[in-house]
C-alpha cells in the first residue's frame, strides 16, 4: 500500500476551505502546495507553498485535492491542453467540491487510466477546516479508502467510507439539502421575531436548548457567512448550487418526488435567493 503521507500533496482551490486545509497539512509537516486561479500576490503568506501555474502545480504533486467551486471550474482544472487529464504521468485526484452526482457519473468515464479519481466531499465549514475537524464522505474502493485515510485523518475528525464512487457525493448533497433548509429557517424566524417583539438573542438561546436546535443556529455567530445576503458568488449562492446538485442527482436517479415535495424544493431555492436580512441584536 502506498504511504500517502510521503507523497506530494496539492490543494487546487485555495478559498475559504482549501486555504486552511493547506495550512493544516503544512503545520503537520506534509509536503504540500496550493494552486488557485487568483494571482500569487493573494497568497504571499504561503511563500514557496503556492504556485500560480497549473502546469507547475501538476508537475510537483502526486495527489491532488480539488476544492474548486463548481462543475465549470472542475472541468477547467481537468480538461484542455494544460488540464490534469492531458498528463502522461500517474496522479490521484480527490474531489472534495460539492458537485452533482449526475455530473460525477459522466466525469469518471472521461478520466484517463493514469488518473485515479476518488471522491471525498466534506462538511464543517471554514471553522472546522481551520480546526482540522472536518467530516469526510468518501466514495471509493476499500483499498483507495485505506490509502487516503491517513491524510484525511489529519484534515478531519470523522471519516466515513460510504461505498463506491458516487455514493459519497450522494450523501453530501442530501446533507446540504438539510443544511440549506436550516439556514433559511433560522434566518426566517430571526427576522420574524422582531415583528413579534421577541428578542432575537433570547430566541436563539431557546432554539439552541430546544427541539429547534440546528448546526446553523448553534454556530451562528462563529460562521463567517451566517449574515450574508444572497449572491451567486458567496456561500448562500453556493448553497443554492448545492440544492440544485441535489435535485439534479434525484432526477438522474429517476426519483418520483410528489408535487408537495417539488413545491417545497422550489420554495427552498426561492428562500435562499430571498433570504431575509440578518436582524440587529436586541
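Looking at 160, 188 in this structure, which one is under 28 Å from residue 219 (Cα atoms) and in a strand (DSSP E or B)?
160
May I ask you to verify whether residue 180 is crowded, with 21+ Cβ neighbours inside 10 Å, in the same structural domain as residue 215 (by TED's automatic domain parsing) and either within 20 Å of residue 115 (Cα to Cα) or under 17 Å from the mean Cα position of the chain (by Cα) (or both)?
On the way: crowded, with 21+ Cβ neighbours inside 10 Å: yes; in the same structural domain as residue 215 (by TED's automatic domain parsing): yes; either within 20 Å of residue 115 (Cα to Cα) or under 17 Å from the mean Cα position of the chain (by Cα) (or both): yes.
Yes: the conditions hold for residue 180.
Just give me the residues in region 242-281 being free of Cβ contacts under 8 Å to residues at least 60 places away in the same chain, under 21 Å from the mean Cα position of the chain (by Cα) and over 26 Å from residue 190 (Cα atoms), in sequence order.
247, 250
Taking region 200-212 as the region of interest, how many residues are part of a loop (DSSP other than H, G, I, E, B) and surrounded by fewer than 14 Cβ atoms within 10 Å (Cβ to Cβ)? Give the derivation first.
First, pick out the residues of region 200-212 that are part of a loop (DSSP other than H, G, I, E, B): 208-212.
With the extra rule that they be surrounded by fewer than 14 Cβ atoms within 10 Å (Cβ to Cβ), the set shrinks to 209-211.
Here the count works out to 3.
Residue 124: within 23 Å of residue 244 (Cβ to Cβ) and modelled with pLDDT under 95, yes or no?
When the stated conditions are applied, residue 124 passes them.
Inspect all residues belonging to region 51-62 and state whether any of them is closer than 22 Å to residue 144 by Cα, touching a helix residue (DSSP H, G or I) at 6+ places or on another chain (Cβ under 9 Å) and either surrounded by 16 or more Cβ atoms within 10 Å (Cβ to Cβ) or not assigned by TED's automatic domain parsing to the domain that holds residue 160 (or both).
Yes, because at least one residue in region 51-62 is closer than 22 Å to residue 144 by Cα, touching a helix residue (DSSP H, G or I) at 6+ places or on another chain (Cβ under 9 Å) and either surrounded by 16 or more Cβ atoms within 10 Å (Cβ to Cβ) or not assigned by TED's automatic domain parsing to the domain that holds residue 160 (or both).
Quick check, is residue 165 touching a helix residue (DSSP H, G or I) at 6+ places or on another chain (Cβ under 9 Å) and more than 13 Å from residue 271 (Cα to Cα)?
Against the criterion (touching a helix residue (DSSP H, G or I) at 6+ places or on another chain (Cβ under 9 Å) and more than 13 Å from residue 271 (Cα to Cα)), residue 165 qualifies.
Does region 24-44 hold any residues that are at pLDDT 95 or above, in contact with a helix residue (DSSP H, G or I) (Cβ under 8 Å, 6 or more places away or on another chain) and either under 19 Å from residue 127 (Cβ atoms) or part of a helix (DSSP H, G or I) (or both), and which are they?
24, 25, 26, 28
What's the total number of residues in region 119-155 that are part of a strand (DSSP E or B) and within 23 Å of residue 221 (Cβ to Cβ)?
4
Residues in region 5-23 that are surrounded by fewer than 20 Cβ atoms within 10 Å (Cβ to Cβ) and in contact with a strand residue (DSSP E or B) (Cβ under 9 Å, 6 or more places away or on another chain): how many?
2
Output the residue which, of all residues in region 81-109 that are in contact with a helix residue (DSSP H, G or I) (Cβ under 7 Å, 6 or more places away or on another chain) and more than 19 Å from residue 244 (Cβ to Cβ), is surrounded by the fewest Cβ atoms within 10 Å (Cβ to Cβ).
Applying the filter and picking the extreme gives 82.
The values are calculated or read from the model by the stated rules, or taken from the named source; none is laboratory data. Here the structure is a predicted model, which is why all the values come from computation and not from measurement. Because the Cβ atoms are built from the backbone with ideal geometry, glycine has one as well, and the counts that use them run over all protein chains shown.
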